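Written out below as structure tokens is the structure these notes cover.
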Amino acid sequence: MFGSKYNPGIVPMVLDSLFESIAKAEQGQWEYSVEVSFMEIYNNEARDLFKEDCSVVKRSPGKGAQLEGVTKLTLMSAGDVEVVLSRGLENRCIRYSRLACTSSRSSLILQIDLTATNPVLKKQRHSRINLVDLAGSERVRSHCPSIIDYRGFMSTAVSLNALGRVLCTLAEKCSPNKKKYVAYRDSTLTWILSESLGGNSKTMMIATVSPAERHRDETYSSLRFLSKVVGPMK
């Protein structure tokens, strides 16, 4: 998702491409600004990774999928990306598991807010990109080292199940004469991502799989999740 300095992942490549497009578009009448916020969903709570204490941010009543007090940093160029991401990733919650020494029990959400302003026409347009690194769904019996981490494992499973239900419901709504209630509020993850899942948005999901025998269970789990949420959309 994030990669390294010499092998960048999806996030830095998306931001690099965004700034390249802005550089070309700014030759016209439009002016652009890019702001980012960085959160993790841990135990169904949204935590601000740009704050030193990683304080929990609350939902803003009556403002849609907005969070109160979340930190937004302005990016002036693609060169700011590495510094900003490093600052947030240092605060991410990780725990030891039998599968990995630094297994993440949280889902990461990088929100990119792009604002385009045309002072001549006096128009402004706003767009948001949510880049999400979902928490791994490791098997509790095989990988949970202690009862202390059990809550984190179960919270991850509940969050992923809620995401799966929302995507399946949205696929069913596309069928003629079907009106379904979409349970975005069943989890903090689906609530924050509601604007990127429904409406006129576009959603893309990428699964990480491995041919290694030791990763067989996790690969099967990822493929089952994909077949569950992507199958109804075909």
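Table for the structure above
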{"item": "Within segment 112-143, considering residues that are in contact with a Ser or Thr (Cβ under 7 Å, 6 or more places away or on another chain) and at pLDDT below 75, the one most open to solvent (accessible area, probe 1.4 Å)", "result": "Ser137"}
{"item": "Qualifying position, being at pLDDT 65 or above, in contact with a Lys or Arg (Cβ under 9 Å, 6 or more places away or on another chain), buried (at least 18 other Cβ atoms within 10 Å of the Cβ) and among the small types (Gly, Ala, Ser), among Ser187, Ser155", "result": "Ser155"}
{"item": "Candidate set from segment 213-234 (those that are open to solvent by less than 40 Å² (accessible area, probe 1.4 Å) and farther than 16 Å from Cys168 by Cβ); member that is modelled with the highest pLDDT", "result": "Thr219"}
{"item": "Candidate set from segment 65-111 (those that are of a type in the set (D, E, K, R), in a loop (DSSP other than H, G, I, E, B) and under 18 Å from Val11 (Cβ atoms)); member that is modelled with the lowest pLDDT", "result": "Arg92"}
{"item": "Yes/no for Ala162 being in contact with a helix residue (DSSP H, G or I) (Cβ under 6 Å, 6 or more places away or on another chain), open to solvent by less than 30 Å² (accessible area, probe 1.4 Å), closer than 18 Å to Ser107 by Cβ and modelled with pLDDT under 85", "result": "no"}
{"item": "Every residue from segment 1-52 that is in contact with a strand residue (DSSP E or B) (Cβ under 9 Å, 6 or more places away or on another chain) and part of a loop (DSSP other than H, G, I, E, B)", "result": "Met1, Phe2, Gly9, Glu26, Gly28, Gln29, Trp30, Leu49, Phe50"}
{"item": "Test for Glu26: is it at pLDDT below 85, in contact with a Lys or Arg (Cβ under 6 Å, 6 or more places away or on another chain) and surrounded by fewer than 16 Cβ atoms within 10 Å (Cβ to Cβ)", "result": "no"}
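The values are calculated or read from the model by the stated rules, or taken from the named source; none is laboratory data. A quick note: this is a predicted structure, and the numbers were derived from the prediction, not measured. Glycine gets a Cβ as well: all are built from the backbone with ideal geometry, and neighbour counts include every protein chain shown. Accessible surface is based on the protein model in full, side chains and every heavy atom, while ligands, DNA and RNA are left aside. Shrake-Rupley method; radii C 1.70, N 1.55, O 1.52, S 1.80 Å.
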